[in-house]
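Quick notes on the structure that follows.
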Amino acid sequence: MINRIRISFLANNFRWYSSIKKRIDYTQVPTLNEADLEEQQIKGSGPGGQKINKTSSCIFLRHIPTGMVVKCQETRSVHQNKKIARQLLITKLDNYFNKENSVEAQTKRLENRKSAANEQKKEKMRQLKGQWKERENID
C-alpha cells in the first residue's frame, strides 16, 4: 500500500513538472558564441585536500560583452564543469536580458500559481471538515 502511494505521488509530481515545462517559452533564451567567451582553467579550492590543490579542474568563464563571470567547481571532471559553467552562464544571461520573461521567472510564476491553487483546495477542505464536525455536534 505504501509503495502505491509513493508511486502515485511521484507520478503526480512528474506530470505537474512536465506540464510546467511545456508551458515555458524557451524562444528568448540567449545563445552563447564561443568568440564572446573567455575561458580559464584554474586550481580549485575548498574541501578535497591535496587533489583539489594540485589539479586545475575549476572553470572560470567570462562573457566579454556583458562582463558576467561564472566560476564552476561542481565536479572533479573538467568537461562536466565546462558544461555546467555554460549552463549557469546562459541562465544568468537569460535573467539579465529577459527579466520577467526568463525561464526561471516563468517557472517561479507557474509554481506560485500551483501552490496558491493547492492552498485554496486545502482551505476548502478545512471548511468542509468544520461543517461536518458542526453537523455531528448538532446531532
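Data overview
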read-out	value
Those residues of the stretch 102-139 which are touching a helix residue (DSSP H, G or I) at 6+ places or on another chain (Cβ under 9 Å) and of a type outside the set (Val, Ile, Thr), in sequence order	Ser102, Glu104, Ala105, Gln106, Arg109, Leu110, Glu111, Lys114
Members of the stretch 29-46 that are of a type in the set (S, T, N, Q) and within 19 Å of Ser102 (Cβ to Cβ)	Thr31
Helices (runs of 4 or more DSSP H) contained entirely in the stretch 23-139, each with at least 2 residues that are touching a residue at least 24 places away in the same chain (Cβ under 8 Å) and of a type outside the set (Lys, Arg)	78-98, 103-138
Meets criteria (surrounded by 15 or more Cβ atoms within 10 Å (Cβ to Cβ), modelled with pLDDT of 90 or more and not basic (Lys, Arg)) for Asn81	yes
Number of positions in the stretch 29-77 that are out of contact with any Cys (no Cβ under 9 Å at 6 or more places or on another chain) and hydrophobic (A, V, I, L, M, F, W, C)	8
Residues (exposed (fewer than 10 other Cβ atoms within 10 Å of the Cβ), modelled with pLDDT of 85 or more and β-branched (Val, Ile, Thr)) located in the stretch 1-40	Thr27, Thr31
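For (1) in contact with a helix residue (DSSP H, G or I) (Cβ under 9 Å, 6 or more places away or on another chain); (2) closer than 22 Å to Val103 by Cα; (3) of a type in the set (Gly, Ala, Ser), each residue gets a yes or a no:
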residue: Gly48; (1), (2), (3): no, no, yes
residue: Asn53; (1), (2), (3): no, no, no
residue: Phe60; (1), (2), (3): yes, no, no
residue: Thr66; (1), (2), (3): yes, yes, no
residue: Val70; (1), (2), (3): yes, yes, no
residue: Gln73; (1), (2), (3): yes, no, no
residue: Arg76; (1), (2), (3): yes, no, no
residue: Leu89; (1), (2), (3): no, yes, no
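The values are calculated or read from the model by the stated rules, or taken from the named source; none is laboratory data. Predicted model, so just to flag it, every value in this text is computed and none were measured. Cβ sites come from the backbone with ideal geometry, for glycine too, and all protein chains shown count toward neighbours.
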